[in-house]
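Asker: Please find one structure pasted underneath; my questions will follow.
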Amino acid sequence: MFQDENNHKKYFADIKTVFSLEYKDSPGTCNPDFHVHKQYEILYCMSNNMFCETDKSREKVNADTLMLFSSVDLHQFGTQVPGSDNRRYVLYFDPNYMDNFSSNSVNLLACFLFRPFELGHILPLKPDEAVKVKALLDRILEMQDKSDEECYGKELRLQLLLAELLLEINDIYRHYHNISSTGYAGNYRFVYEIINYIHENYADELSLDSISQRFYKNKYSLCEIFKKVSGTTPNQYIINCRVQKAKELLLNGASVERACAESGFNNLSHFSRIFKSKVGQSPKQYQKDQRNKPIRRE
C-alpha cells in the first residue's frame, strides 16, 4: 500500500470556511502541487505568463482569465518564470452555500458542472467583462472586511454579491462557449440537479434506471435531455466522476482496492479496465508515476 500522510496533505487542500475571498500578490509559484478541495474555486488571474494544469492538460494563462474548479477538479496553478508577478483573487465557496439562488432556467453552478468541451475550466475575459468581475470581487472584499455591527445583514449581503458574481460569470461563460438554451431552457435546472445528485452519490449504486426513478422521468427521455444539455450520457458522466474521484484517492495514498470501492466501482477488474481506458494507465501505474513525478517549481 502507498500510505503517506504528507501525500494526503500534498493533494488535498482542507479549507474550513463555507465562503472566503482573498486578493493575493506573491511572486513565484503559489501552489505547484496538484490538489483538490470540497469547496468550489474561482481564481481570477491578473498576471501574464502563468500556467494552469489539470491531470489532463497544461495551459498557459494570461491576465484577466478566470479559472473555475469544482470539487472533482485536480489542478495546480503558478508562474512559468521563477519569481515573476503572481497577482490573483482566490474565492472559495461551498456549493450548498448557494442552494437557494438558482431558478428553473438558471443554475449558478452551471459553469462548474457543464463541461461538454475541452478546457471548460478556463475562461478568458474581455476588457469590459474583466472590469465587471473585478468590481464585484472588490465589493465582496470590502463587505467581507466589515464587522456585523458595521453592516446589517452582512452574511446575506455577501451571499447576494456572490450570486451576482456567479450570474455574471455564467453569462460570460455561456457567450464564450456559444451555449444556447433555445428549445430546452427549462431542462438546464433539471440536468444540473441530476449532475449535483451524481456528485453527491457517485459512490452508491447509480444507474440510469435508479436516476430516472429518483427524478420521476422516463429513462429514455432523461438520457436524451441530459445528453442534449451536457454533451454526454448520464452513465458516462457517472463513470467520469468516479474516475476523477479514484484519481484523488490514489494520489492521497489509497490502495487500488480502496480507490475502487470508495469511488463507486465495486468490481476491481472492471475498475482497472475503465480507469485504463480513460487515463491510459492502470490505477497502480498512475499512482506510482504521480508519486515519483518531480514537483515543478517554475
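Asker: Which one is most open to solvent (accessible area, probe 1.4 Å), of the residues in segment 132-155 that are part of a loop (DSSP other than H, G, I, E, B) and of a type outside the set (D, E, K, R)?
Answerer: The selected residue is Tyr152.
Asker: Being of a type in the set (Gly, Ala, Ser), open to solvent by 10 Å² or more (accessible area, probe 1.4 Å) and modelled with pLDDT of 85 or more narrows it down to one of Ser20, Ser57, so name that one.
Answerer: After applying the criteria, what remains is Ser20.
Asker: Right, next: Within segment 187-197, does at least one residue satisfy the condition of being open to solvent by 20 Å² or more (accessible area, probe 1.4 Å) and modelled with pLDDT of 85 or more? Quick ask: steps written out before the conclusion?
Answerer: Of the residues in segment 187-197, the ones open to solvent by 20 Å² or more (accessible area, probe 1.4 Å) are 187, 189-190, 193, 196-197.
Filter once more, keeping what is modelled with pLDDT of 85 or more: 197.
Yes; the residues of segment 187-197 include at least one that is open to solvent by 20 Å² or more (accessible area, probe 1.4 Å) and modelled with pLDDT of 85 or more.
Asker: Return yes or no: is Phe93 among the aromatic types (Phe, Trp, Tyr), at pLDDT 90 or above, on the phi < 0 side of the Ramachandran plot and in contact with a Phe, Trp or Tyr (Cβ under 8 Å, 6 or more places away or on another chain)?
Answerer: yes
Asker: Search segment 82-103 for residues being in contact with an Asp or Glu (Cβ under 7 Å, 6 or more places away or on another chain) and open to solvent by 50 Å² or more (accessible area, probe 1.4 Å), and hand back the single one that is farthest from Ser47 (Cα to Cα).
Answerer: Pro82
Asker: Can you find a residue that is within 30 Å of Phe275 (Cβ to Cβ), out of contact with any strand residue (DSSP E or B) (no Cβ under 9 Å at 6 or more places or on another chain) and among the charged types (D, E, K, R) anywhere in segment 191-202? Can you show your working first?
Answerer: Step one: of segment 191-202, the residues within 30 Å of Phe275 (Cβ to Cβ) are 191-202.
Among the residues that remain, those that are also out of contact with any strand residue (DSSP E or B) (no Cβ under 9 Å at 6 or more places or on another chain) are: 191-202.
Among the residues that remain, those that are also among the charged types (D, E, K, R) are: 193, 200.
Checked against the condition, which is being within 30 Å of Phe275 (Cβ to Cβ), out of contact with any strand residue (DSSP E or B) (no Cβ under 9 Å at 6 or more places or on another chain) and among the charged types (D, E, K, R), segment 191-202 yields at least one hit.
Asker: Still on this structure, I have one more. Given (1) surrounded by fewer than 12 Cβ atoms within 10 Å (Cβ to Cβ); (2) farther than 16 Å from Glu22 by Cα, where does Glu129 come up short, assuming only one miss?
Answerer: Evaluating Glu129 over (1) surrounded by fewer than 12 Cβ atoms within 10 Å (Cβ to Cβ); (2) farther than 16 Å from Glu22 by Cα leaves (1) as the failure.
Asker: Oh, and also: Checking Ile198 against (1) assigned to a helix (DSSP H, G or I); (2) without any contact (Cβ under 8 Å) to a residue 40 or more places away in the chain: exactly one of these is not met. Which one?
Answerer: For Ile198, the exception is condition (2).
Asker: Related question: Check Leu208, Leu160, Leu166 and return the single one that is exposed (fewer than 15 other Cβ atoms within 10 Å of the Cβ) and aliphatic (A, V, I, L, M).
Answerer: None of the others qualify; the one that does is Leu160.
Asker: Assuming Phe117 fulfils every condition listed in (1) closer than 16 Å to Glu164 by Cβ; (2) part of a loop (DSSP other than H, G, I, E, B); (3) aromatic (Phe, Trp, Tyr) apart from one, which condition is it?
Answerer: Phe117 satisfies all of (1) closer than 16 Å to Glu164 by Cβ; (2) part of a loop (DSSP other than H, G, I, E, B); (3) aromatic (Phe, Trp, Tyr) except (1).
Asker: Output the residues belonging to segment 237-283 that are among the polar types (S, T, N, Q), in a loop (DSSP other than H, G, I, E, B) and within 28 Å of Cys223 (Cβ to Cβ).
Answerer: Ser263, Asn266, Asn267
The values are calculated or read from the model by the stated rules, or taken from the named source; none is laboratory data. All values reported here derive from a predicted model rather than from experimental measurement. A quick note on method: Cβ atoms are made from the backbone with ideal geometry, for glycine too, and the neighbour counts reach across all protein chains shown. All accessible areas refer to the heavy atoms of the entire protein, side chains included, with ligands and DNA or RNA removed. Shrake-Rupley method; radii C 1.70, N 1.55, O 1.52, S 1.80 Å.
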